[in-house]
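Inspection log for the structure reproduced underneath, given as structure tokens.
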Amino acid sequence: MNRFSGKTAIVTGAGSGIGRATARRFANEGANVVVADRDPDGLRGTVADLDGDRVLILEVDVSNQSEVEAMVQAAVERFGALNVLVNNAGVGCDGTVTDLSFDDYRKVMSINVDGVFYGCRAAYPELKKTKGCIVNTSSISGLGGDGAMIGYNMSKGAVSQLTRALARDSGRDGIRVNAVAPTLVHTGLTEDMEDDKALMEAFAKAIPLGRGAQPEEIASVIAFLASDDASFVHGLVMSVDGGLFASTGQPDFKDF
């Protein structure tokens, strides 16, 4: 498939995990891809065997508004237009309302929420020109609640609601906005959790499909939402969770 031939996509958090898989999926479907992350080594690993003429590597902190604006400008200067923005960069955060540190609270909100807002705001004028689209990475933790993860839950809930609210405004400008809401995805960010074999077994049992997701499985849904195959899909926060949210209503791996 070459659904993105001649189009340009920005993927944040592209140095690993879902972002890496998504950037590679777009590139393999013909897109020019701007890979953005705070980890330059990770970015080099993402693009190692891709066509260098269709790749732009940018070291970006999405919590910095000026860096996000410069990212969009660089994409347009290099490739002439912007068609897709994937706001994927994010961090985890443990803690209850009483023990979550203010530093951790500000970090998770500045990256997971401010970073998405800055990306949408900076890219909007360019996406309006191309009738492009935005795909945000939320989480099932932004649809239900997890124990002792209040900062992360708040941040992903904000991403889900930002997606819905922006869709109400952006449709008139021809910009589609959607989000994916994954469950457990086997990435470097889950390595510590995956050392707890009992937890992982309980989590797998709670997911009707019996396992967590691979990054490529989330990337395929992101690519669908960004493609013309989803031309009438707008304002959707799509659970990509093996049936976990549908089966529990309030998934909470902390209680497993």
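Of the residues making up the range 18-36, those that are in a helix (DSSP H, G or I), β-branched (V, I, T) and more than 17 Å from G115 (Cα to Cα) number 1. Restricted to the range 154-175, and to residues there that are charged (D, E, K, R) and out of contact with any helix residue (DSSP H, G or I) (no Cβ under 8 Å at 6 or more places or on another chain), the residue that is farthest from D114 (Cα to Cα) is R172.
Mind checking which residues of the range 20-41 are among the small types (G, A, S), within 20 Å of F79 (Cα to Cα) and within 15 Å of the chain's Cα centre (by Cα)? Listed by number, the residues that qualify are A23, A36. Taking the criterion of being among the charged types (D, E, K, R), modelled with pLDDT of 95 or more and part of a helix (DSSP H, G or I), the residues of the range 149-196 that qualify are K156, R164, R168, D169, R172, D173. For L209, the test of being at pLDDT 80 or above, outside any strand (DSSP E or B) and touching a Gly at 6+ places or on another chain (Cβ under 7 Å) is passed. In the range 165-190, the residue that is surrounded by the fewest Cβ atoms within 10 Å (Cβ to Cβ) out of those that are among the hydroxyl-bearing types (S, T, Y) and out of contact with any strand residue (DSSP E or B) (no Cβ under 8 Å at 6 or more places or on another chain) is T190. If you go through the range 92-110 and keep only what is at pLDDT 95 or above, over 19 Å from A165 (Cα atoms) and not hydroxyl-bearing (S, T, Y), you end up with G95, V97, D99, L100, F102, D103, D104, R106, K107, V108.
The condition (being outside any helix (DSSP H, G or I) and either within 18 Å of A81 (Cβ to Cβ) or out of contact with any Asp or Glu (no Cβ under 8 Å at 6 or more places or on another chain) (or both)) is satisfied by just one residue among A9, A14: A9.
The values are calculated or read from the model by the stated rules, or taken from the named source; none is laboratory data. This one's a predicted model, so the numbers in the text were calculated from it and none came from an experiment. Please note: Cβ atoms are built from the backbone with ideal geometry, for glycine as well, and neighbour counts cover all protein chains shown.
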